Amino acid sequence: MADENERIITIPLRATKMAPRTRRAKRAIKEIRDNIARHMKVDAEKVWIDTGLNEKIWERGIQNPPSRVTVKAVKFEDGLVEVSLSE
């Protein structure tokens, strides 16, 4: 049951390079949200992204987000999924 509630996932962010330069970090956040929603079987609105992960995506600016990110996703009883950076 524990591995159903908590997972370490490496998310490729290749499609962010297809977005216009001025929207790439925002697109990376959207890709993380969609990927976690698909893997944890919840709606995208139920995915909560931690501020540490958000800062990691935005630390090199809007134009140059990382190409992949490893995250820890924790699913709670009410269906909410919290996504944070994996240590």
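At a glance:
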quantity	calculated
Members of segment 1-29 that are within 14 Å of the chain's Cα centre (by Cα) and exposed (fewer than 11 other Cβ atoms within 10 Å of the Cβ)	10, 14
Subset of segment 30-60 [in a loop (DSSP other than H, G, I, E, B), surrounded by 14 or more Cβ atoms within 10 Å (Cβ to Cβ) and in contact with a helix residue (DSSP H, G or I) (Cβ under 9 Å, 6 or more places away or on another chain)]	42
Near pairs, Cβ below 8 angstrom, 6+ apart or cross-chain, from segment 48-70 (farther than 11 Å from residue 13 by Cα) to any residue that is in a loop (DSSP other than H, G, I, E, B)	48/80; 56/66; 58/65; 60/66
Every residue from segment 61-87 that is surrounded by 14 or more Cβ atoms within 10 Å (Cβ to Cβ), of a type outside the set (Asp, Glu) and assigned to a strand (DSSP E or B)	69, 71, 72, 73, 74, 75, 81, 83, 84, 85
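Computed from the coordinates by the stated procedures, all read-outs in this text should not be read as laboratory data. It should be emphasised that the depicted structure is a prediction, and the values quoted were computed from it without experimental measurement. Cβ atoms come from the backbone with ideal geometry, glycine included; neighbour counts cover every protein chain shown.
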